[in-house]
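Step one of this worksheet: look at the structure below.
The values are calculated or read from the model by the stated rules, or taken from the named source; none is laboratory data. From a predicted model like this one, the values you see are computed outputs, not experimental measurements. No Cβ is skipped: glycine too gets one built from the backbone with ideal geometry, and neighbour counts run over all protein chains shown.
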Amino acid sequence: MHIQWYPGHMAKAKRLLIEQIKVVDLIIEIRDARIPISSTNQDLLELTGDKPRIIVLNKSDLADPNRTSEWEHILKKEAFAVVRVNSLDRKGTKTVVAKCQEASKGMFEKRASKGLLPRAVRAMVLGIPNVGKSSFINAMVKKGSARTGNKPGVTRGNQWVRLLKNIELLDTPGILWPRFEDQRTGEYLAYTGAISEKTFDIEEVALRLIKLLKDEYPGTISSFYGLDSEEGEPYMVLDNVGEKRHFLDKKGAVQTERTAYRMLHDFQEGKLGNYTLDNPKEAGMADER
Ligand SMILES: Nc1nc2c(ncn2[C@@H]2O[C@H](COP(=O)(O)OP(=O)(O)O)[C@@H](O)[C@H]2O)c(=O)[nH]1
Ligand SMILES: [Mg+2]
C-alpha cells in the first residue's frame, strides 16, 4: 500500500515542536485510544527529555474498553500518568487536570528548594494530526477558546489559558509527525482517520479493512450492512455493501470508491463497533514492526 508523506512537512513539524517544548514544563500527549502505539512517534522521547508527560488516550468512546485498560497499565511505565478521555463529552478531563496538579507539585518544590521564585507551571498538548488535540483543549478550558478542526489561521501566537491557579496551558497544540516506517502503522492511521484520504488509495485501504474485520471480527460487516453473507474476497464484500446501500451508477454498477469511502467513515465513526487495533499482547514489539 502506498501512503505518500512529505519529508518537508515532517521536518517543519519537528522544528516547530522543538521550539514549543522548550517553553513548557509538562507535556500532555494525546493519542488515539484505538491505536495507542501507532498514534505516537518514538522520536518524541528524545525531544521531551525528562519533562513529565501525561498520556491521554482520547476517543476512548470509540475504543475497546478492555484493551484501553490494558494499554493504560502498559503505558503507565513510560509516563507520569495515563488517562482515558472522551473530549466530546469531557469525560476524563478532570482526571487530567488532577494529574497536571500532581506532576506540578514536584516542580514547585524543586524551584523552591533552588531558591527560585514561584511561577505557574506551563503545559502543552501535542499529538499527531486528528487525534483530537483541539477538541481536548476545548474540553479542558471550557470556554471554547480553542477551536476544533484543521482550519488555517487557527494558530495564534503563544497564548496561554489558565487551567488552575498555578497551571497554564499553551492554547496551540504541538503537531507530532506520524510514523510511516511500516505498513501496518500506516494502515491503522488510515483506518482511524489520522491521515488524510488524499494520501492513499481509498479502495485499497477499505479492502484491507474489510479483510481485517472479516478475519478478526467475523459477522461485523454482514450484520451492520444487512448482508446475507460476508463470504468471499474483500472486493466481493465491498460490492455487496454498495449494492445494499444502492450506491450505483446510471448503468447499475456499484460505485466502489463511494462505497469504500462510506465503509471507512462508518468504521472511523465507531458505527461498526468499538475496536482497538493495536494489540496490547504485542506491546514492546512495536519497535520491531
Ligand atoms: N468520538 C470522538 N471523537 C472525537 C474525540 N475527540 C475529537 N474527536 C473528533 O475527531 C476529529 C478531529 O478532532 P480535532 O480536535 O480537530 O483533532 P486535532 O487535529 O488533533 O486537533 C473531529 O471530528 C472531532 O470531533 C473523542 O474523544 N471522541
Ligand atoms: Mg487541531
(message) Need the failing condition index for residue 176 against (1) closer than 16 Å to residue 123 by Cβ; (2) away from ligand 1 (no atom under 14 Å from the Cβ); (3) of a type in the set (A, V, I, L, M, F, W, C), just the number.
(response) (2)
(message) Among the residues of segment 86-145, what is the count of those that are among the hydroxyl-bearing types (Ser, Thr, Tyr) and either more than 20 Å from residue 29 (Cβ to Cβ) or outside the structural domain of residue 40 (by TED's automatic domain parsing) (or both)?
(response) 2
(request) Tally the residues that are out of contact with any helix residue (DSSP H, G or I) (no Cβ under 9 Å at 6 or more places or on another chain) and of a type in the set (Asp, Glu), restricting the search to segment 40-57. (result) 2
(message) Looking at segment 96-114, can you tell me whether even one residue there is under 25 Å from residue 64 (Cα atoms) and in contact with a helix residue (DSSP H, G or I) (Cβ under 8 Å, 6 or more places away or on another chain)?
(response) yes
(message) Residues that are without any contact (Cβ under 8 Å) to a residue 12 or more places away in the chain and not assigned by TED's automatic domain parsing to the domain that holds residue 35, at least 2 per element: which helices (runs of 4 or more DSSP H) completely within segment 185-289 meet that?
(response) 202-216, 220-225, 234-244
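Determine whether residue 282 is within 20 Å of residue 63 (Cα to Cα), within 16 Å of ligand 1 (Cβ to nearest atom) and loosely packed, with under 14 Cβ neighbours inside 10 Å.
In short, no.
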(request) Sort out which residues of segment 60-118 are within 12 Å of ligand 1 (Cβ to nearest atom), part of a loop (DSSP other than H, G, I, E, B) and in contact (Cβ under 8 Å) with a residue 40 or more places away in the chain, and write them in order of number. (result) 63, 85, 87, 88, 90
(request) Would you mention how many residues in segment 107-132 are away from ligand 2 (no atom under 16 Å from the Cβ) and surrounded by 12 or more Cβ atoms within 10 Å (Cβ to Cβ)? (result) 8
(request) Please find, among 81, 11, the residue that is surrounded by 12 or more Cβ atoms within 10 Å (Cβ to Cβ) and either of a type in the set (A, V, I, L, M, F, W, C) or under 28 Å from residue 108 (Cα atoms) (or both). (result) 81
